[in-house]
Amino acid sequence: MITKTRLIKLTQQLISIDSQNPPGDEYCIAGFVKRYLEILGLRTKIYEFKKRRSNVVAYIKGRNKKHSLLITPHLDTVPAGRNWRFKPFYAKIYKGKLYGLGATDCKGNLACALEAIKSLVLPQYNNVTFLQSRNVRVA
């Protein structure tokens with residue numbers, strides 16, 4: 001079951017990991033995601049097309065062999081730029097909203113995907129594949 005508190009904490013953890021593109025360096029956040037999924041029992045592997053340009057693939061077999069679910073968020077964000085009201089990597093909650101680089105694109109989505117996997121893996125009815133793509137941004 002997904003809980004709001006756990007989801008917010010996970011989103012904050014992800015926002016605190018710098019994965020701006022450009023310049024493009026998903027190594028640290030890929031490692032975080034890999035460890036998170038391994039704890040849930042998924043088989044994981046990191047692929048790099050270039051040094052520190054990391055992709056995470058994770059898989060777990062379910063009891064239902066006819067149905068699979070593919071989840072494909074991305075790890076990179078746009079560059080932070082300037083003029084932030086709050087620090088871009090702090091993930092501050094202000095007036096009920098979470099502020100930080102990637103809160104909506106795509107660290108918040110990534111946190112939702114990871115929490116969804118957590119809730120799906122426990123009953124393990126279907127196959128679940130997590131394919132994280134990098135380099136969604138084109139400079």
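Just so it is clear, none of the values below were taken in a lab; they were calculated from the coordinates. Just so it is clear, the structure is predicted and the values come from calculations on it, not from any experiment. Every residue, glycine among them, receives a Cβ derived from its backbone with ideal geometry; neighbour counts consider all protein chains shown.
Before moving on, here are some points about what is shown:
- Calculated P(r) of the chain - Cα pairs past 19 Å, %: 50
- Angle between the chain longest axis and helix 27-39 axis [Cα atoms, degrees, rounded to 10]: 30
- Residue exposure proxy: 82, 43, ordered by other Cβ atoms within 10 angstrom of their Cβ from fewest to most, comes out as 82, 43.
- Sorted by Cβ neighbour density within 10 Å, fewest at the top, the residues 33, 57, 128: 57, 128, 33
- Average projected area [Cα convex hull, the range 8-75], square nanometres: 5.5
- Choice from 127, 83, 55 showing the highest fluctuation, given a GNM over the chain with Cα pairs closer than 10 Å: 83
- Extended-chain gain in nm, criterion 0.36 nm per residue less alpha-carbon gap, residue 85 and residue 2: 26.9 nm
- Mean residue ellipticity (222 nm) of the chain, computed from DSSP H runs ≥ 4 via -39,500 (n - 2.57), nearest 500: -9000 deg cm²/dmol
- Members of 51/92; 34/87; 45/92; 4/65; 9/45; 34/65 lying beyond 29 Å, as alpha-carbon distances in this model show: 51/92; 45/92; 4/65
- Spacing of the modelled spin labels on residue 119 and residue 43, each 7 Å from Cα toward Cβ, amounts to 2.7 nm.
- A simple packing score, the average count of other Cβ atoms within 10 Å per residue, orders the peptides 108-117, 94-103 as 108-117, 94-103, with the highest score first.
- Note on residue 13 and residue 67: the model spin-label points, each 7 Å out from Cα along the C-beta direction, lie 2.8 nm apart.
- Max mean-square fluctuation residue, GNM over the chain, Cα-Cα springs under 10 Å, options 107, 118, 65: 65
- Using C-alpha pairs under 8 Å with a sequence gap of at least 6, the mean separation divided by the residue count of the range 16-70 gives a relative contact order of 29 percent.
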